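Every number here is computed from the coordinates shown, using simple stated rules; none is lab data. Here the structure is a predicted model, which means the values were calculated and not measured. For neighbour counting, all protein chains shown are included, and Cβ atoms are generated from backbone atoms with ideal geometry for every residue, glycine included.
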Amino acid sequence: MKTPTLILSMLLLVAGLLRAADSSPLRVLAYDRTIPAALSDDFTRNTGIPVVITSASSSIEAADLLYDKKETFDVVIVSNDVLRAIRDRGGLLPLNRENIPNASRIRQPWFEVSGDPAGKFSLPIDVAAMGILVDLRVSQPDITGYMDAFRQQRPGGVAVMVDQRDFLAAALLSLGASVNELSPDNLRAARVIVVNWLKNTAPASKGIWSDNQPQAFQTLCKGLESDMYGAALIYSGDAIALMSALPDRFKWVNPVEGSLKYMTLCAIPKSSARPEAAHKFINYILDPAIAAQIVVAPGFGIPLNTPWSKMPLNFHGNPSNMEAGDLMDHFSVQADITHEPRRELEEFFRSLPDPSAPPAP
C-alpha cells in the first residue's frame, strides 16, 4: 500500500509535468508575412501559450520542412497543394469544430474551393489569384492574357512577380493544358513559349530572380513604383497593395487563358503535441479583427462572413467586392510539387538558354 507521502509526491510530480507541458511553445509553420509577430505576441498575452513560428518562403520550403526534414508542428498554415498532400498521407488531425467557434463565420463556398467541403481537416484563411497588372502610363496594345502580354515588345518589358512554377503554369494555360500535367509533350511546347516570353521580361525581373524571394519582391515593387513597365505578371495580393499605394496607376487583367488560385489553409498535424492549444490558436486567427490584420500584408481576401470578408480586388478589373464562388471555375489549383514534379520543374528551367529565370517555388 502506498503511503500518503508517496502519493502526494507522485501528484506533485504529475502536476509539475502538466505545468511543463502547458508552458511548452506552440509550434506553428506559416508562410512569410502570414502571421505578424505582434499577433502571436497578443495571443500569448491573452492565453499564456507561447508561440514559436517557423516561416517558409515557398511551398517547396514548407514541404521540405514537413517531408524531408520531418520537423513537427502543432499548427500548419500553408497552401492548399501542400496541405492536400499531408491530408492524403493521413497526416492531419480531424478538427473539433466545437473548439473553433469562429469557424462558423466562414462561408460555405470557401470550403468548396479549399477541397475540404466539410472542413473536417482544414479551414481556409485567405485566397489570391495570378493575373496581369497593366501600367496605364504606358501607351501599348491591349492586354487580355499571357500571350498578349509577352508576345509583343512592350515599353519597359513585362515585370515578373511569380516563381518558376507559376511562370510555367501560365505557359501551360496558354496551350490549353492543365497546370498539373507535366508530360514531355506539354513541357516541350511550353518551353518554346517560355523562351520567347523571357525575351520580353523587364530588366528588373532578370535582376531580381533569385532564391531570396522577400528581397526580390521588394526590389521589383520599387521598380514598378518608380519605373515604367508595360505590365507585370503578379498575384492579386501584391497587385492590390500596389493599386492601393498608387491609385489610378494600374489596371488588373484577368487572363483569358485562365489562371491559378492560391489559398492558404490552417490545420493540425497528427504529430501535434498541443492539439487543444492548436484549436485555440486557429480560433484566434479566425477572429474577424485578427483575420483582417493577417491579410493586410499580402492583401489577400478572407473568407469570413463579416464586413472584412470582401476581396479587396476582384479579378475583373475593379478594386471592389468579390466572393469566393467567383474563383471556382476559371481558376486552377496546383498539385503537390515535391519529389518527381519538382525535379522535372528544375530540369525544365535549367534547360533554358537564358540563365535568368524566376525563383524556385
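Data for the structure
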{"read-out": "Length added when fully stretched, residue 52-residue 188, from 0.36 nm per residue minus Cα-Cα", "value": "44.6 nm"}
{"read-out": "Nearby lysines by direct alpha-carbon distance to residue 270 (threshold 23 angstrom, same-chain neighbours under 8 apart not counted)", "value": "69, 70, 120, 280"}
{"read-out": "Packing-based ranking, highest mean first, of 73-83, 232-242 given that Cβ atoms within 10 Å are counted", "value": "73-83, 232-242"}
{"read-out": "Estimated inter-spin distance, residue 138 and residue 104, nm [label 7 Å along Cα→Cβ]", "value": "5.0 nm"}
{"read-out": "Sites residue 248 and residue 33 - FRET efficiency at Förster radius 25 Å, r taken between beta-carbons, to 0.05", "value": "0.45"}
{"read-out": "Spin-label zone in region 48-65 - amide nitrogen under 18 Å from a point set 7 Å from the Cα of residue 24 along the C-beta vector", "value": "48-54"}
{"read-out": "Region 146-175 and region 34-102: distance between their alpha carbon centers, rounded to Å", "value": "32 Å"}
{"read-out": "Label-to-label distance, nm, for residues given as residue 120 and residue 45 (7 Å Cα→Cβ offset)", "value": "4.0 nm"}
{"read-out": "Per residue convex hull volume, Cα atoms of region 30-72, in Å³", "value": "60 Å³"}
{"read-out": "Model label zone, residue 344; criterion: amide N under 18 Å from point 7 Å along Cα-to-beta-carbon; scope region 161-185", "value": "164-185"}
{"read-out": "Net charge, residue 135 excluded, C-beta distance under 10 Å - Lys, Arg +1, Asp, Glu -1", "value": "+3"}
{"read-out": "Quarter of the Cα convex hull surface for region 48-169, i.e. its orientation-mean projected area (nm²)", "value": "11.4 nm²"}
{"read-out": "In nm, spacing of pseudo-spin labels at residue 72 and residue 112 (7 Å Cα→C-beta vector)", "value": "3.9 nm"}
